[in-house]
Amino acid sequence: MKWQEFKSLLAGLGPDTPLGRVVSIRAEDDAEVLKRFTKEQHRIRNEWQEKSASSMTQQQYDAEMSNLEALFASMCS
């Protein structure tokens, strides 16, 4: 599968899919939303942050988060 096709399919995933839910958990930064996370949601988010922090710079992390935000924003429009 070519990258463009994969990106197109990935962009079509909604937040009501298992992958969409995991991505939204990993990307959440709102303190009020984080307070309402379940133990499992915190585990998912923390594991992702630990893995990401150990393998990328802060600049790379910020760029990736911006990309995810743009992806979800485009899915909602």
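The values are calculated or read from the model by the stated rules, or taken from the named source; none is laboratory data. Please read all numbers here as calculations on a predicted model, not as lab measurements. For neighbour counting, all protein chains shown are included, and Cβ atoms are generated from backbone atoms with ideal geometry for every residue, glycine included.
Looking at Thr57, Thr38, Thr17, which one is of a type in the set (Val, Ile, Thr), free of Cβ contacts under 8 Å to residues at least 24 places away in the same chain and surrounded by 11 or more Cβ atoms within 10 Å (Cβ to Cβ)?
Thr17
Please work out if Ala27 is modelled with pLDDT of 85 or more, surrounded by 12 or more Cβ atoms within 10 Å (Cβ to Cβ) and not acidic (Asp, Glu).
Against the criterion (modelled with pLDDT of 85 or more, surrounded by 12 or more Cβ atoms within 10 Å (Cβ to Cβ) and not acidic (Asp, Glu)), Ala27 qualifies.
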